[in-house]
1. Quickly estimate the mean residue ellipticity at 222 nm for the chain, helices only: each DSSP H run with n ≥ 4 gives -39500 (n - 2.57), and the total goes over all residues, rounded to 500.
2. Counting Lys and Arg as +1 and Asp and Glu as -1, each charge on the Cβ, what is the dipole of the range 151-209 about the Cα centre in debye, to the nearest 20?
3. Pick out, from 183, 227, 195, the residue whose Cα sits farthest towards the positive end of the charge dipole of the range 181-232, with +1 on the Cβ of Lys and Arg and -1 on the Cβ of Asp and Glu.
4. In a shell of Cβ-Cβ distance under 15 Å around residue 327, excluding residue 327 itself, what net charge do Lys and Arg (+1) and Asp and Glu (-1) give?
5. Let me spell out the model: positive unit charges on the Cβ of Lys and Arg, negative unit charges on the Cβ of Asp and Glu, origin at the Cα centre of the chain. What dipole size does that give, in debye rounded to 20?
6. Can you pull the semi-axes for the range 109-194, root of five times each eigenvalue of the Cα gyration tensor, sorted largest first, whole Å?
7. Can you pull the Rg over Rh of the chain, Cα-only, Kirkwood?
8. Considering only protein heavy atoms and a 1.4 Å probe, what is the carbon-and-sulfur percentage of the accessible area of the range 223-317?
Amino acid sequence: MSASPPKLRELRVRAVRVPMPKPHRTTGGVVAESPLVLTDAITDGAVGHSVLFTYTPAALGPTADLIKNCEPLIKGESLAPAEIEQKLARRFRLLGTQGLVGMALAAIDMALWDALARTHGVSLVRLLGGTERPIPAYGGIGYDGPTECAKAAAEWAERGFKGVKAKIGYPTVQEDVAVIRAMRKAVGDGVAIMVDYNQCLTPCEAIERLRVLDDEGLTWVEEPTLAHDFTGHAQIAREVRTPIQCGENWWGVLDLRHALDAGAADLVMPDVMKIGGVTGWLRAAALAQAYGVRMSSHLWPEISAQLLCVTPTAHWLEYADWWNPVLREPLRIEAGMATVAGATGTGVEWNEDAVARFCN
């Protein structure tokens, strides 16, 4: 007779503010710290973990409270992440599952999948029926001008990374080109270069600029216009040769479906928090496969590296070390490839001494 599945006993939620290794500049401002919500799904057996990045400290407390307020809705439930995801989706259907609600539900989903994998003593990859494999990773660069961007690109390349991505969207396209060419000079032709406009252009402006960038050998141009302007992105994609990358700001698989139906992107890069956690990612990966679109990740390198291992159209892992200080074992990068061999669960566990220092 099989043993009863573990049951969820508690959601432990903590808010921390972790200083960035180096302030990250974008066209919208400077990110100097990582406001993080750490969630522990405590079951009869294993404890699962997840991390949320709330972008601004203003959302830190409300997000943490929202996660904790969900506890009575699922306490005592069997450890079945997909079933619990459906229950919570029904419960929040009228309010909606975007924004802070979507973030809270993703935190719970990721922690439950981690707990389930740990219950079985395996990695998330193995739990999902896959095998661990190296995933190519690229390093992120801020909105720092030609000299600093070239320096940062060279540092990533020296560490073995096969790709780099910089924020652009300077007052003129000539300045954008200067940054791209400075990075190319620094890393050579063997390193992929991507750029990110962080939604700062209108579709017309984007078409004008990207036609200039078409000869720069870019792997992709990311979010040239507003993330949910699917029609505008589709217009841009039709008019330029460089692949258009989008996805980090799409909420759930329906956003992804609507975008792909509109032809809004040549490539997609869901954010595991905004797409709906592990459950949402798996749906997104199936959709990307059906549409024949390559899929990369946004932030969350530990869990994303594992999810990319079971993504049929896996492309690039976006690597960031922003919350490494609160992790017991940050993701390993070897020769520019993310490796999850030997991980248990999602690979997320806490450095409790650091957590205590950074608690909000």
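1. Working: 14 runs with 146 residues, N = 360.
Counting only the DSSP helices, I get -12000 deg cm²/dmol.
2. Numbers: 9 positive and 8 negative charges, 50 e Å.
It works out to roughly 240 debye.
3. Among 183, 227, 195, the one farthest towards the positive end of the dipole of the range 181-232 is 183.
4. Working: positive: 14, 328, 332, 357; negative: 40, 114, 302, 321, 329, 349, 352, 353.
Summing Lys/Arg as +1 and Asp/Glu as -1 gives -4.
5. On the way: 35 positive and 42 negative charges, 119 e Å.
Dipole of the chain, to the nearest 20 debye: 580 debye.
6. Values: eigenvalues 281, 44, 18 Å².
Semi-axes from the Cα gyration tensor: 37, 15, 9 Å.
7. Working: Rg = 20.0 Å, Rh = 20.7 Å.
Result for the chain is an Rg/Rh of 0.97.
8. Numbers: 1450 of 2860 Å².
That fraction is 51 percent.
The values are calculated or read from the model by the stated rules, or taken from the named source; none is laboratory data. A quick note: this is a predicted structure, and the numbers were derived from the prediction, not measured. Here Cβ is always computed from backbone atoms with ideal geometry, including for glycine, and neighbour counts include all displayed protein chains. The accessibility values were calculated without ligands, DNA or RNA, using every heavy atom of the protein model including side chains. Shrake-Rupley method; radii C 1.70, N 1.55, O 1.52, S 1.80 Å.
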